[in-house]
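Let me begin by presenting the structure, written as structure tokens, before commenting on it.
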Amino acid sequence: MAPKTPLSRREFVKDAGGLLIGFSLMDATMLPRLLAAPADDAALVPSPGRLDGWLRIEKDETIRVFTGKAEIGMGVQTALSQIVAEELDAPFEHISFVMADTAITPDQGGVGGSTSVAQGGKPLRNAAATARVVLLQLASQRLGVPLEQLQVKNGVVSVMGDPAKSISYGALAGSPDLHEALKTTGDGFGLNVEGAGKPKAPSTYTVVGQPIPRVDMRPKVLGQFSYAGDVRVPGMLHGRVVRPVGVGSTLQGVDESSVKEIPGMVKVVVKGNFVGVVAQTEWSAIRAAQALKVSWTAPKAAFPDQQDLYRHLRTATPKVSKDGIVRGDAAAAMSSAAKKVQASYDWPFQSHATMGPGCGIADVQPDGVTTIWSGGQKPHSLQKAIAELLHVPLERIRIVWVEDAGSYGRPGFDDIAGDAVLLSQAVGKPVRVQWMRADMTAWGAKGNPVAFDLAGGLDADGKVSAFQFTSRALSGTEITPQPVTAGNLLACQLTGILNAAAADEFAQYGEASAEYQIPNVHAVGHVVATFDPVASPLRTTHFRDPNGPATAFAVESFMDEMAASAGADPIEFRLKHLSDPRAKAVLAAAAEKAGWDSRPSPKKSVGAGELLTGRGVGLGVRNGTYVATIAEVEVNRGTGAARVKRFVCAHDCGLIVNPDGLRGVIAANLMHSMSRAMKEEVKFDRSQVTSMDWVTYPVVRASDVPEQVDIVLINHPELPAGGAGEPSSRPTAGAIANAVFDATGARVRQAPLTPPRIKAALASKA
Amino acid sequence: MSRASLKVNGQVHAIDVDPETPLLYVLRDNLGQHNPRFGCGLGQCGACTVLVDNRPTRSCLLPVSRAVGKEIVTLEGLSHGENPHPVQTAFIDEQVFQCGYCLNGWVLTTKALLDKNPNPSDAEMRKAFETLVCRCGSHVRIFSAVRRASDAMRRSA
């Protein structure tokens with residue numbers, strides 16, 4: 001039951017008073033049931049400049065940590081818990097997290113860019129170190145013993161030489177306010193705080209670096225875990241949306257009588273081209289959405305024929321262009337090169353196609369006080385968009401993040417919140433909107449396509465003397481990575497609110513790929529405008545390592561083409577063009593683990609049988625994380641079908657916080673990126689996306705999984721922890737394409753590497 | 001609407017719903033179960049898997065009327081009190097999943113597979129799993145967990 005009196009922020013802050021006030025009210029399981037705060041209390045949200053904005057100690061020894069970061073399935077809560085437990089010298093089991101609730105957690109920019117541990121861990125580390133100092137001072141007063149004679153172990157402060165004299169952290173809870181102030185710097189991902197406590201030297205770590213099991217694994221496997229779709233709010237109704245028949249089609253009419261016989265039907269909601277239904281039960285809402293007779297105008301033929309997509313990218317006048325790495329004189333060096341290599345590569349639209357299509361619950365009250373339960377990665381941004389949509393001050397909107405299916409970027413979970421808000425507003429009750437499969441796969445925003453044109457010149461020694469790189473990325477992100485404006489949301493675009501916050505992102509060599517030591521380089525990135533900017537099922541956004549897998553596919557394939565032209569082994573060729581010791585180290589580690597036989601590609605002796613085998617390598621460097629992946633493939637020369645038999649992945653992300661969690665993330669990343677490399681391509685006709693489900697948008701299945709996956713972790717405790725959520729997605733497609741070339745001598749330059757494409761490459765070679 | 005009783009995890013529940021309602025929504029919305037989960041509503045992914053008379057079944061497609069009189073077991077129902085089923089123990093020990101949204105399908109399909117075939121070959125295992133999706137790509141650890149569960153169950157048999 002919802003409390004009759006909603007938790008006000010004033011109450012919250014009064015209760016939270018200082019660092020050490022007991023805070024049992026904030027039972028995490030109650031969180032989704034609390035209602036939004038009255039607007040006038042808004043200024044009292046705990047500040048990131050106070051220690052109690054980050055963590056609180058409770059009388060039962062619970063250490064409750066408040067973070068703007070969210071768990072999207074990669075184990076970040078476990079890693080962050082280790083960081084906090086380490087600095088506090090507290091038992092790992094005592095750490096409890098409240099994640100990404102705009103009313104009570106700091107704004108850390110949400111989740112993105114593999115930054116949650118690398119950047120998001122910093123303020124938590126510093127806050128925990130400062131809390132330890134504060135707790136020691138308190139214990140010193142309580143025990144009447146000078147600070148320097150105290151020690152902390154397992155959350156208990158004791159006197160050195162007299163361990164019976166002790167007091168636990170929990171027993172220190174309830175002490176007077178300390179109002180410990182922290183110095184804040186930066187914002188968003190970069191928000192950091194510093195206080196009196198200095199973090200430990202990594203060489204002394206006992207919790208960070210340990211393979212501690214994930215805190216969410218057991219409840220998930222036992223069926224005791226709640227996702228966003230499990231949130232139930234008293235009085236809640238069920239909504240579904242009905243999308244237009246294609247881009248640019250407008251609503252002509254809705255025949256409400258077509259659904260009036262459906263039991264539990266509450267309302268058909270129409271606002272511009274936004275159409276939804278609300279019913280008492282989920283099944284009734286589904287039936288109503290299917291049965292509702294809606295007439296639409298014919299959609300626009302806004303999209304090119306699918307087969308013309310890359311021609312369009314290459315011939316359209318770019319919306320914006322930007323030089324990337326420019327060094328030496330690439331054109332002059334190219335004209336004097338001993339050998340020239342040229343190749344073009346294409347990367348398709350891809351769908352996040354999340355496992356659950358996503359769920360959002362909105363409770364819009366008459367005065368605009370609104371609570372939204374959502375699994376999106378950017379709750380504090382979504383708060384801004386919804387405030388604009390409802391024309392109310394930001395403080396009246398509370399976004400409570402609840403874990404949903406793994407999101408891999410911005411699949412549309414924010415759009416669902418927009419749908420739920422419009423439906424809740426229309427019926428005056430909380431409404432839960434569960435997207436159906438086609439809402440996600442067909443209508444969710446897409447990872448953008450890119451076309452690449454590359455040229456390289458080799459000198460007489462077989463070294464690359466010139467490199468010319470051109471990328472053309474469709475639109476980058478016409479819905480920005482953060483949903484900061486209402487026009488960013490699909491529902492709003494359908495009601496006629498235009499999106500005014502597009503961002504242009506480039507697929508640049510050296511940023512979205514590894515960079516090699518080449519004396520003369522000219523890299524340029526173009527962004528090509530999208531086909532139709534309003535409510536398009538082909539609108540683009542961030543999808544796991546935005547532009548990374550595409551750009552690395554092009555650059556790593558091309559490095560292999562140049563190595564083949566030079567008659568060099570692909571790994572030795574790369575090593576000759578690298579100076580960064582960490583990049584070289586991952587390549588060497590992967591080669592050693594794989595038992596790499598040094599020789600040029602393709603393989604000389606292609607067997608007589610139907611199945612050909614080969615191996616290929618790809619390198620990925622992303623914000624200080626280094627990944628080398630080797631794929632061993634088997635290609636059926638009759639059908640063109642390729643299978644990865646083995647992956648070897650060497651991974652260096654600096655300090656490793658949890659090696660077992662990291663291995664799990666990498667192993668999954670390899671399958672996810674293999675799926676994108678070999679299977680995934682959003683299909684569309686002139687006005688609509690035709691990839692709608694798991695049949696029309698195939699992904700990796702059990703039969704595709706390699707027989708062997710070897711992961712080599714390189715730990716650098718002396719370096720900061722880097723990101724790991726995305727980097728190992730980056731080199732996979734290049735490694736597979738290079739392995740197919742090694743096996744067959746046929747080069748596939750268009751992803752995904754489907755059997756027809758491989759077969760065509762085999763035929764054109766023959 | 002029609003009245004019927006449904007046996008879920010050993011407990012009999014009286015329900016009063018449209019007999020065409022897929023079992024998924026009855027379990028989630030009428031009986032308040034958090035598992036199974038909605039994935040596609042098309043029988044293509046397995047997120048909504050339950051065991052019906054020990055056969056892995058897509059509850060998003062099965063009209064509730066066809067589940068009446070059968071033994072329905074959901075993911076919660078696999079464990080006995082605080083004791084996880086050996087398959088669950090193996091999946092926990094292998095730290096299998098990323099988001100875990102798909103896991104009803106994998107865990108319950110493994111349970112049914114090992115009941116029929118305690119020591120499946122690699123090919124048999126892949127065949128049993130071919131209709132399931134794990135979007136995060138946790139397959140390598142899933143396969144390890146199946147082997148671990150198979151070993152544990154045969155040792156204790």
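The values are calculated or read from the model by the stated rules, or taken from the named source; none is laboratory data. Keep in mind it's a predicted model, so treat the numbers as computed, not measured. Every residue, glycine among them, receives a Cβ derived from its backbone with ideal geometry; neighbour counts consider all protein chains shown.
Report those strands (runs of 3 or more DSSP E) wholly inside the stretch A:444-549 carrying at least 3 residues which are at pLDDT below 90 and in the same structural domain as A:Ala420 (by TED's automatic domain parsing).
none
Tell me which of these A:Asp107 doesn't satisfy, since it passes every other one: (1) more than 17 Å from A:Lys200 (Cα to Cα); (2) surrounded by fewer than 23 Cβ atoms within 10 Å (Cβ to Cβ); (3) touching a strand residue (DSSP E or B) at 6+ places or on another chain (Cβ under 8 Å).
(3)
Can you tell me which of (1) on the phi < 0 side of the Ramachandran plot; (2) part of a loop (DSSP other than H, G, I, E, B); (3) of a type outside the set (A, V, I, L, M, F, W, C) is the one A:Arg643 doesn't meet?
Checking A:Arg643 against (1) on the phi < 0 side of the Ramachandran plot; (2) part of a loop (DSSP other than H, G, I, E, B); (3) of a type outside the set (A, V, I, L, M, F, W, C), the one that fails is (2).
Anything in the stretch B:26-44 that is among the small types (Gly, Ala, Ser), within 7 Å of chain A (Cβ to nearest Cβ) and within 17 Å of A:Ser226 (Cβ to Cβ)? List them, or say none.
Listed by number, the list holds a single entry, B:Gly39.
Any idea which residue in the stretch B:63-80 is surrounded by the most Cβ atoms within 10 Å (Cβ to Cβ), counting only those that are within 13 Å of another protein chain (Cβ to nearest Cβ) and not small (Gly, Ala, Ser)?
This residue is B:Leu75.
Results for (1) in contact (Cβ under 8 Å) with a residue 24 or more places away in the chain; (2) more than 26 Å from the chain's Cα centre (by Cα); (3) not assigned by TED's automatic domain parsing to the domain that holds A:Gln434, shown as yes or no for each residue.
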site	(1), (2), (3)
A:Gly186	no, no, yes
A:Gly209	yes, no, yes
A:Ala228	yes, no, yes
A:Val242	yes, yes, no
A:Thr250	yes, yes, no
A:Val254	yes, yes, no
A:Gln280	yes, yes, no
A:Ser284	yes, yes, no
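What number of residues within the stretch B:1-28 are surrounded by fewer than 19 Cβ atoms within 10 Å (Cβ to Cβ) and in contact with a Phe, Trp or Tyr (Cβ under 9 Å, 6 or more places away or on another chain)?
Going through the stretch B:1-28 one residue at a time, the tally reaches 1.
Could you say which residue among A:Val259, A:Val277 is in contact with a Gly (Cβ under 7 Å, 6 or more places away or on another chain) and β-branched (Val, Ile, Thr)?
Only one candidate qualifies: A:Val277.
Answer yes if at least one residue in the stretch B:83-100 is at the interface with another protein chain (Cβ under 10 Å from one of its Cβ atoms), buried (at least 24 other Cβ atoms within 10 Å of the Cβ), free of Cβ contacts under 8 Å to residues at least 24 places away in the same chain and on the phi > 0 side of the Ramachandran plot, and no otherwise.
Within the stretch B:83-100 (the criterion being at the interface with another protein chain (Cβ under 10 Å from one of its Cβ atoms), buried (at least 24 other Cβ atoms within 10 Å of the Cβ), free of Cβ contacts under 8 Å to residues at least 24 places away in the same chain and on the phi > 0 side of the Ramachandran plot), the answer is yes, since at least one residue qualifies.
A:Gly276 passes all but one of (1) surrounded by fewer than 21 Cβ atoms within 10 Å (Cβ to Cβ); (2) touching a helix residue (DSSP H, G or I) at 6+ places or on another chain (Cβ under 7 Å); (3) of a type in the set (Gly, Ala, Ser); which number fails?
Every listed condition holds for A:Gly276 apart from (1).
Would you tally the residues in the stretch A:479-518 being more than 25 Å from A:Val555 (Cα to Cα) and either aliphatic (A, V, I, L, M) or touching a helix residue (DSSP H, G or I) at 6+ places or on another chain (Cβ under 8 Å) (or both)?
22
Assigned to a loop (DSSP other than H, G, I, E, B), on the phi < 0 side of the Ramachandran plot and under 24 Å from the mean Cα position of the chain (by Cα): which single residue out of A:Val648, A:Val709, A:Val699 fits that description?
The match here is A:Val699.
Search the stretch A:655-664 for residues being surrounded by fewer than 23 Cβ atoms within 10 Å (Cβ to Cβ) and not in a loop (DSSP other than H, G, I, E, B), and hand back the single one that is farthest from the other protein chains (Cβ to nearest Cβ).
Once the filter is applied, the top-ranked residue is A:Pro659.
Just to be sure I understand, how many residues within the stretch A:69-91 are outside any helix (DSSP H, G or I) and either farther than 11 Å from A:Gly121 by Cα or not assigned by TED's automatic domain parsing to the domain that holds A:Arg132 (or both)?
Number of matching residues: 9.
What residue, among those in the stretch A:410-433 that are touching a Lys or Arg at 6+ places or on another chain (Cβ under 8 Å) and surrounded by fewer than 24 Cβ atoms within 10 Å (Cβ to Cβ), is nearest to the other protein chains (Cβ to nearest Cβ)?
In this case the residue turns out to be A:Val427.
Taking A:Phe684 as meeting all but one of (1) within 22 Å of the chain's Cα centre (by Cα); (2) buried (at least 20 other Cβ atoms within 10 Å of the Cβ), write down the number of the exception.
(1)
If you take the residues of the stretch B:113-133 that are buried (at least 20 other Cβ atoms within 10 Å of the Cβ) and out of contact with any Gly (no Cβ under 9 Å at 6 or more places or on another chain), which of them is farthest from the other protein chains (Cβ to nearest Cβ)?
B:Leu114
What is the residue count in the stretch A:571-603 for residues that are in contact with a Gly (Cβ under 9 Å, 6 or more places away or on another chain) and among the basic types (Lys, Arg)?
Total satisfying the criteria: 3.
Could you figure out which of (1) farther than 17 Å from B:Asn35 by Cα; (2) of a type in the set (Lys, Arg); (3) surrounded by 22 or more Cβ atoms within 10 Å (Cβ to Cβ) isn't true of B:Arg58?
Looking at each condition in turn, B:Arg58 falls short on (1).
Checking the structure you have, find out if any residue of the stretch B:8-25 is more than 8 Å from every other protein chain (Cβ to nearest Cβ) and part of a helix (DSSP H, G or I).
yes
Restricting the stretch A:286-299 to residues that are under 14 Å from A:Gly246 (Cβ atoms) and either among the aliphatic types (A, V, I, L, M) or buried (at least 16 other Cβ atoms within 10 Å of the Cβ) (or both), which is farthest from the other protein chains (Cβ to nearest Cβ)?
Once the filter is applied, the top-ranked residue is A:Ala298.
Is it the case that A:Ser344 is surrounded by fewer than 16 Cβ atoms within 10 Å (Cβ to Cβ) and in a strand (DSSP E or B)?
When the stated conditions are applied, A:Ser344 does not pass them.
Determine if the stretch B:124-142 includes at least one residue that is in contact (Cβ under 8 Å) with a residue 40 or more places away in the chain, touching a strand residue (DSSP E or B) at 6+ places or on another chain (Cβ under 7 Å) and of a type in the set (A, V, I, L, M, F, W, C).
no
Just to verify a result, which residue in the stretch A:259-273, among those that are free of Cβ contacts under 8 Å to residues at least 24 places away in the same chain and surrounded by 17 or more Cβ atoms within 10 Å (Cβ to Cβ), is nearest to the other protein chains (Cβ to nearest Cβ)?
A:Gly264
If you take the residues in the stretch A:597-629 that are under 30 Å from A:Thr115 (Cβ atoms) and among the polar types (S, T, N, Q), which one is surrounded by the most Cβ atoms within 10 Å (Cβ to Cβ)?
Among those that are under 30 Å from A:Thr115 (Cβ atoms) and among the polar types (S, T, N, Q), it is A:Thr629.
Return the residue satisfying two criteria in turn: it lies in the stretch A:354-406 and is hydroxyl-bearing (Ser, Thr, Tyr) and closer than 30 Å to A:Asp693 by Cα, and of such residues it is nearest to the other protein chains (Cβ to nearest Cβ).
A:Thr354
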